[in-house]
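Below is one structure, written out as structure tokens; the observations come after it.
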Amino acid sequence: MKIRIYEEARKVWNILADRADPPDLAMELEIHRKVLNFFQVGDCYYFIFNAVKGEFDYMHPGVQEVLGYNAQECTIPVMMGFIHPEDLGWFLEFEQATVNFFSALPIEKVLRYKARYDLRLRKANGEYVRMLQQATCIQHDENGAVLRTLCVHTDITHLKPTGQPVLSFVGLEGEPSFLNVDIKKGFTPSREVITRREKEVLRLVLAGIPSREIATQLNISKLTVDKHRKNMLKKTGIKTAAELVVKALREGWV
């Protein structure tokens, strides 16, 4: 079963990166910069996905702490075997939609988006957990075709124990977002609930950084940070910062 699903996924990925082999990648600093842009609200690990070969170039050893598997055994077909049977269809639909989305982007915008969706994965002890996958391009060719992506898996079971998997494309550097995408209707920019600066504050809040340190990082006053936080609560009708974190995660605001 997992081999068949893998072959179907390879067909999708081959559309995205139709070439023999990607060039070598030398971007350790770029990887670390991108990792920092992913908020982490639970146990997580990351990996580099080679879209041309349909395999991992690197799997972070943190996968053992989160799922209980050794990084060396985590190949693409093996990881697909961990997907909950009810979520396999969603996985293939989301991957196809992601290929369609990135293939339609102008080359200058390929690096300005991340795709995010949630799926249930089986841990080594047999328990299923809900993982949030966030992926962004870290290498593309001269035509904009995605060659490698950086993906982060975060355990969000405590924030979304049940519910249907959801796909979003989150705009970075001021680009519009496409949230809770209806795959059958295509991609329609979502109305931005919060401003770009509020997103920057929220991203740091989600990373567990206190307001005073957020002020230092963004070169603004703590009073301004507090104002942004109050504005976000008022706009969204949410009463507490904890509820804001859950809402931001579920709606894909950052």
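Would you say residue 243 is free of Cβ contacts under 8 Å to residues at least 60 places away in the same chain, of a type in the set (D, E, K, R), assigned to a helix (DSSP H, G or I) and closer than 21 Å to residue 154 by Cβ? Outline the logic, then answer.
Values: free of Cβ contacts under 8 Å to residues at least 60 places away in the same chain: yes; of a type in the set (D, E, K, R): yes; assigned to a helix (DSSP H, G or I): yes; closer than 21 Å to residue 154 by Cβ: yes.
Yes; evaluated as a whole, the condition is true for this residue.
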task = Test each condition in (1) part of a helix (DSSP H, G or I); (2) in contact with a Cys (Cβ under 6 Å, 6 or more places away or on another chain); (3) aromatic (Phe, Trp, Tyr) for residue 49 and report the one that comes out false.
result = (1)
request  = Inspect the range 180-199 for any residue being assigned to a helix (DSSP H, G or I), surrounded by 13 or more Cβ atoms within 10 Å (Cβ to Cβ) and in contact (Cβ under 8 Å) with a residue 40 or more places away in the chain and give the result as yes or no.
outcome  = yes
ask   = Could we say that residue 105 is in the same structural domain as residue 44 (by TED's automatic domain parsing) and under 30 Å from residue 68 (Cα atoms) here?
value = no
note = Filter the range 145-172 for residues that are closer than 18 Å to residue 97 by Cβ and touching a Cys at 6+ places or on another chain (Cβ under 9 Å); the one that is surrounded by the most Cβ atoms within 10 Å (Cβ to Cβ) is 146
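Residues are listed down the side, and each one gets a yes or a no for (1) of a type in the set (Val, Ile, Thr); (2) in contact with a strand residue (DSSP E or B) (Cβ under 7 Å, 6 or more places away or on another chain):
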residue: 140; (1), (2): no, yes
residue: 146; (1), (2): yes, yes
residue: 154; (1), (2): yes, yes
residue: 173; (1), (2): no, no
residue: 212; (1), (2): no, no
residue: 232; (1), (2): no, no
residue: 241; (1), (2): no, no
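Given the options 97, 104, 135, name the one that is touching a Ser or Thr at 6+ places or on another chain (Cβ under 8 Å), modelled with pLDDT under 95 and over 16 Å from residue 155 (Cβ atoms). Please lay out each step first, then the result.
Values: 97 fails: touching a Ser or Thr at 6+ places or on another chain (Cβ under 8 Å); 104 fails: touching a Ser or Thr at 6+ places or on another chain (Cβ under 8 Å).
One residue alone meets the criteria, 135.
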inquiry  = Could you check the range 91-138 and list, in sequence order, the residues that are assigned to a strand (DSSP E or B) and hydrophobic (A, V, I, L, M, F, W, C)?
reply    = 115, 119, 121, 129, 131, 132, 135, 137, 138
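The values are calculated or read from the model by the stated rules, or taken from the named source; none is laboratory data. These numbers were taken from a predicted model, which means no experiment stands behind them. Counting neighbours? That spans all protein chains shown, and the Cβs are built from the backbone with ideal geometry, glycine included.
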